[in-house]
Each structure stands twice: as C-alpha cells, then as structure tokens.
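The values are calculated or read from the model by the stated rules, or taken from the named source; none is laboratory data. A quick note: this is a predicted structure, and the numbers were derived from the prediction, not measured. Note: ideal-geometry Cβ built from the backbone for every residue, glycine included; neighbour counts use all protein chains shown.
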Amino acid sequence: MKVHVWDIPTRLFHWLLVTVFAGAFLSSHGDRFLEFHTSLGYIALGFVVFRVLWGFAGNRFARFSGFLKGWQSVRGYVASAARLHPPRFLGHNPAVGWVVLFMLAMVASIAISGIVTYGGEENRGVWAGVFSFDAGYNARVAHTLLADLAIAVVVVHVCAALFHDFLLRENIILSMFTGTKEDEDTYAERVSHMGPHEVRSVLRLIVLVVVAVMGGLALLYLRPAGRTDFIHMPQPNVVDDKGFASVMKVNAAWMEECAGCHNAFHPTLLPAGSWKKVMMGLNDHFGEAVTLDAAVSEEIGRFLLSASAERSTTEASRKLMRSLRDLPAIDRITDVPYWKAKHEDIDAEVFKRKSVISRSNCIACHPGAELGSFEDHDIMIPE
Ligand code: HEC
Ligand code: HEC
C-alpha cells in the first residue's frame, strides 16, 4: 500500500525552488538580466517564508516538529548510515531534517545579501538608499560565496538522494513528484525479494554520482558570462550636490576636444582635484600643448567635476577612491594605486603591441571604456 507523505504545498515548494534557483543561476551574470535575477531573489525569499510557515501548518511530515530530531537520533542515524545500513524513515531522516533547515537559511541569506547588494551598489530594489555602496559591495562578496556554497550543497543533496535510492532501494526523487511512498509492510516485502546489489547497479550509482559532481563543478566554472551589449548600455549614474542620482550626460565639447589624441578618459576615473589639475595644466599636457577656448575649457571642466569619481556610483570609481585616500591629486589614472594593482600582472610587452600602443589606451582592452565600464567579462586583450 502507498502512504501519502509529501503534501502538495511541500512538493510545489520543492520543485518551484529548484526552478527559481536554476533561473537565478542562469541570469546571474551581466546586468542585462539583473532585474529578472533580483525578481527571482524576492520570489525565493517568499518561498522560504512560506516553507517556514508550512513547517508549523503542514502535515506531520512537513512540520518541523515532525522532522527536527535531537542530537542522539542524529548521531545514531549518521553512525548507521556510515556503516551503509541506515534505517528507513517515511519522512525526512534525522540527519536530513537539519539539512532542510540549513538549506532554508542558506536560500534566505542568499536572497537577503542579494537585496542588500542591489540596494547598496545599484541603488535599486526595496532597500535602495538604505545601504552604502561599501555595504552593498561586501554583501555582494557574501552573495557570491553563498551562491557557490549553495551549488555545492545542491550537488551533495542530489548525491545523497542517489545514495539513499541505492542503499534503501526506493526512488525518493520520484516520491517528491508523486508525494507517496510504500508503507512499512509493502516496502519490507519488496526488499526481501531483492538479492544483493549487482556489480552493474554499483557501477550505475558511481556513474550517477560522478555525473552529479561533474555537473556541479561545471556549473561553478562555466557560469554564464554574457558580454555587455554596449549599444544599449547607459552611462553610469552620478550623484549631484543634493544627493540625487541620475544618468551621466555626455558632454559634446568633452568628446570633441578630449577624444582626439587619446580615448576620452571617463570623468568617473579621477577625483575632482585631479581633473582640476589636468584642466589647469593643459598648456603643458604630458608634453603636448592643448589649447582650448576659455568658455569651452570651462564647460569641459564643469562636466568633468560633475561626474568625477567622488560622484560616480561605479565599482571602479569607488575602488579607486578608496585606493587614493590620502594621496595628493594625481593627474594620471595609470598612477592610481588601484589601477596599478589591477594591471601589474600584464606584461610590459602587451602595452607596446601595435594594437594597444600604451597603458593609457584603455579602450584597446576595455571596449566599454568611454561608457565608464570596465567589467571583467568584457575585457579583451588584443593580439
Ligand atoms: C594634443 C593631444 C591631446 C589632447 C587634445 C588631449 N590630450 Fe590628454 N594626453 C595627451 C598625451 C600625449 C597624454 C599622455 C599619454 C601617454 O602617456 O600615453 C595624455 C594623457 C592624458 C591623461 C592621463 C592618462 C593616463 O595615462 O592615466 C588624462 C587624464 C588626459 N590626457 C586628459 C585629457 C583631457 C581631459 C583632455 C581634454 C581637455 C585631453 N586629455 C586632451 C594628449 C592630449
Ligand atoms: C593591455 C590591456 C589593458 C589596457 C590598455 C588597460 N587595461 Fe584595465 N584591465 C586589463 C585587464 C586584463 C584587467 C583585469 C585584471 C584582473 O582583474 O586581474 C583590467 C582591469 C581593469 C579594471 C578593474 C576591473 C574590475 O572590475 O576588476 C579597471 C577599472 C581598469 N582595468 C581600468 C582601465 C583604465 C582606466 C585603463 C586606461 C587608463 C585601462 N584599464 C587600460 C587590461 C587593460
């Protein structure tokens, strides 16, 4: 006879969470899917809240009180599982009960750290403006570490389910779809007719586990890394004196006058003091004399200050400001400690290539340089 074990809400929760997790993983790279990705985060958090409530309201197999067992039972279960003789439980076994709670906490932490990142770094979402950029940045580090941990936990979870199938000879993955399991007698009756595992089924198990582990590793290393679609990419946000953020408006005079001898160095790449120094010293500009009409020079100066590194919300600006701290106004981006640290591993030979010409030719390797974009996945070092 079959017993009804997993109620419909528990099963729906399980498979919808799998779907949302997969969707969040696939949309995790690049800003193009960021909105979709964050929506999935809110949904996942909603699922966790639901599951916690269902842990009090669900049937006896879904309730926390039904599957969170004391230390003695956990230890006893783990010991027998280690001897490859785990007892059979209709619901969650004592070890996996706590794993369920751990996974719920993990998904919640991933979602919350994601929302903090979104609020702090992008100034968007329900916590926009609540967290500083630095808090957002730290939350992002936690978010990616937790997401990688989650992939590892998923692999262990799938392997454990396969082991369970193998050791106890019942298809628990199928019962997460159907909701039913055999009762004690039917199960004991069926298993008593089965001989020892044949070599073939041992091999099958090993292949399945290897596939699960390799799949997990592939997920970790082959994160989808779509390149940015520059045509649709906006300029970064800059914050004005009143603290209002808006998309930077490109100044035509700047493009006209400062993007002839070299690529237009993005205003977000130097602090205001440095731009003042550059603009004051144009008559001896790195060995060249740049002559500008006074009005044009003033307009460009104002533009550069309106979007200088202090005012920009990009990762590069924040990090280079942090690295500058007490240094006097530097007029070369390539002298900023953050720039040097990021490029110290690149061979001097690379910068001399005809396709690169110089360190200052950012756009050769960063196609989004004039949009103030230096994302890792867009970097291309030309031959
Ligand atoms: C007449 C040519 C010329 C014009 C016009 C010009 N520059 Fe330059 N600029 C140079 C040269 C040459 C360098 C040094 C490049 C190198 O060392 O590879 C330089 C370097 C720079 C650097 C330092 C880059 C680094 O290595 O970090 C900045 C910043 C800069 N220019 C800003 C400006 C701005 C702003 C304008 C417009 C007002 C401008 N430049 C217009 C010739 C020019
Ligand atoms: C020869 C190619 C090359 C040139 C030229 C170059 N870069 Fe880079 N840049 C790189 C590479 C490669 C990295 C990645 C380094 C790493 O993360 O290990 C990088 C990283 C960066 C980063 C950090 C990106 C991140 O998110 O980690 C910034 C910002 C940056 N470059 C700005 C500039 C600017 C500004 C210029 C011009 C003044 C410039 N780069 C010139 C190759 C180049």
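Could you list all residues from segment 270-286 that are without any contact (Cβ under 8 Å) to a residue 60 or more places away in the chain, within 15 Å of ligand 2 (Cβ to nearest atom) and buried (at least 19 other Cβ atoms within 10 Å of the Cβ)?
271, 274, 275, 278
Looking only at segment 183-216, residues that are out of contact with any Leu (no Cβ under 9 Å at 6 or more places or on another chain), under 26 Å from residue 91 (Cα atoms) and not aliphatic (A, V, I, L, M) come to 10 in all.
Would you point out the residue of segment 134-152, among those that are without any contact (Cβ under 8 Å) to a residue 40 or more places away in the chain and in contact with a helix residue (DSSP H, G or I) (Cβ under 6 Å, 6 or more places away or on another chain), that is surrounded by the most Cβ atoms within 10 Å (Cβ to Cβ)? Per the stated criteria, the residue is 136.
Scanning segment 82-90 for any residue that is at pLDDT below 90, in contact with a helix residue (DSSP H, G or I) (Cβ under 7 Å, 6 or more places away or on another chain) and among the charged types (D, E, K, R) turns up nothing. Cβ separations smaller than 6 Å between residues 6+ apart or across chains give no pair from segment 320-336 residues that are at positive phi to residues that are loosely packed, with under 14 Cβ neighbours inside 10 Å. Taking segment 337-357 as the range and being free of Cβ contacts under 8 Å to residues at least 24 places away in the same chain and in contact with a helix residue (DSSP H, G or I) (Cβ under 9 Å, 6 or more places away or on another chain) as the test, the residues that pass are 337, 338, 339, 340, 341, 342, 343, 351, 357. Contact annotation: residue pairs with Cβ atoms under 9 Å, 6 or more positions apart or on different chains, pairing a residue in segment 45-60 that is of a type in the set (A, V, I, L, M) with a partner that is not in a helix (DSSP H, G or I), are 57/63.
Of all residues in segment 239-269, those being among the polar types (S, T, N, Q) and within 16 Å of ligand 2 (Cβ to nearest atom) number 2. Among the residues of this structure, residue 346 does not count as one that is crowded, with 18+ Cβ neighbours inside 10 Å, β-branched (Val, Ile, Thr) and within 33 Å of the chain's Cα centre (by Cα).
Of all residues in segment 1-22, those satisfying the criterion of being in contact (Cβ under 8 Å) with a residue 40 or more places away in the chain and farther than 19 Å from residue 49 by Cβ are 1, 2, 3, 4, 5, 6.
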